[in-house]
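What follows is a single structure, written as structure tokens, with notes after it.
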Amino acid sequence: MDEKHGELCETITNLNLKLEKPLMKIEAIEEQLAPLYSKERRVREKSKIDDGKRVMNEVESIELQECEIQINKYLRQQKKIEKEDKDDFKRLKMCLKEERRIRDKDKVYRIDTELDQIMTCFKMSFINLCSLFLTKCMSHEKFELLTLFESIFQLEGTTFVDGEKKVIELEMNPKEPELMRKLNNGLCVLNEMDVHDMNGRAMQFKV
């Protein structure tokens, strides 16, 4: 990205030098357009929109029309200047757009890479924990990850601290009695594994 950015900046500099005179003319036109755009906006702000149509008095309507005529006049002059060096102006616009897009992109890529690594580690750790739970606590049961989420991980419940223990009480889903029976047996095994939270409290699961 650094190398590409440097090449683009060099190309932009060369094109600016090559188009120095027409760019100066365009800059002068843009200086004339700036107050006209401001005036146009102020006139439009005075008007009202009624049933999808702009409504204004005759004086404001004439003022807006004259303003638009002046703006279009300068825009035609600008297009005429750009037309004389059409290819160079087209290339300059493309280079400027690309330069803005990749500016500081190396920093963005570095951050994205770090986030990708963090998420990959989290996903692998999570999958390993799921595999461990199914293997050790649920007698090698096989579930899709989506099933684990919808049927087990999204169960509602409450959590409270009881002395040196942190208790998690889950609400069973009566619509899946067989799965809830297996989950209850699995939680009994999990409780025997002496799991502790970050504060050193023993965790106990109840249904």
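The values are calculated or read from the model by the stated rules, or taken from the named source; none is laboratory data. This structure is a prediction, so every number in the text was calculated from the model and none was measured. Neighbour counts are summed over all protein chains in view; Cβ atoms, including those assigned to glycine, are modelled from backbone coordinates with ideal geometry.
Determine, yes or no, whether residue 156 is in contact (Cβ under 8 Å) with a residue 12 or more places away in the chain and either exposed (fewer than 11 other Cβ atoms within 10 Å of the Cβ) or not assigned by TED's automatic domain parsing to the domain that holds residue 131 (or both). So residue 156 fits the description; yes. Could you check, for region 182-198, whether at least one of its residues is part of a loop (DSSP other than H, G, I, E, B), closer than 29 Å to residue 142 by Cβ, at pLDDT 90 or above and among the charged types (D, E, K, R)? Yes, some residue in region 182-198 is part of a loop (DSSP other than H, G, I, E, B), closer than 29 Å to residue 142 by Cβ, at pLDDT 90 or above and among the charged types (D, E, K, R). Is it the case that residue 151 is in the same structural domain as residue 186 (by TED's automatic domain parsing) and either part of a loop (DSSP other than H, G, I, E, B) or more than 15 Å from residue 180 (Cβ to Cβ) (or both)? Judged against the criteria, residue 151 is not a match.
Here residue 78 clears all of (1) more than 30 Å from residue 182 (Cα to Cα); (2) not assigned by TED's automatic domain parsing to the domain that holds residue 39 except the condition numbered (2). Within region 133-140, identify whether any single residue is farther than 30 Å from residue 1 by Cβ, of a type in the set (A, V, I, L, M), in a loop (DSSP other than H, G, I, E, B) and in contact with a Gly (Cβ under 9 Å, 6 or more places away or on another chain), and answer yes or no. The answer is yes, given that some residue of region 133-140 is farther than 30 Å from residue 1 by Cβ, of a type in the set (A, V, I, L, M), in a loop (DSSP other than H, G, I, E, B) and in contact with a Gly (Cβ under 9 Å, 6 or more places away or on another chain).
Does residue 136 satisfy the criteria of being of a type in the set (Lys, Arg), surrounded by 13 or more Cβ atoms within 10 Å (Cβ to Cβ) and touching a helix residue (DSSP H, G or I) at 6+ places or on another chain (Cβ under 7 Å)? Here the answer is yes, as residue 136 does meet what is asked.
Going by what's in this entry, would residue 145 be described as surrounded by 10 or more Cβ atoms within 10 Å (Cβ to Cβ) and either in contact with a Ser or Thr (Cβ under 8 Å, 6 or more places away or on another chain) or at pLDDT below 90 (or both)? Against the criterion (surrounded by 10 or more Cβ atoms within 10 Å (Cβ to Cβ) and either in contact with a Ser or Thr (Cβ under 8 Å, 6 or more places away or on another chain) or at pLDDT below 90 (or both)), residue 145 qualifies.
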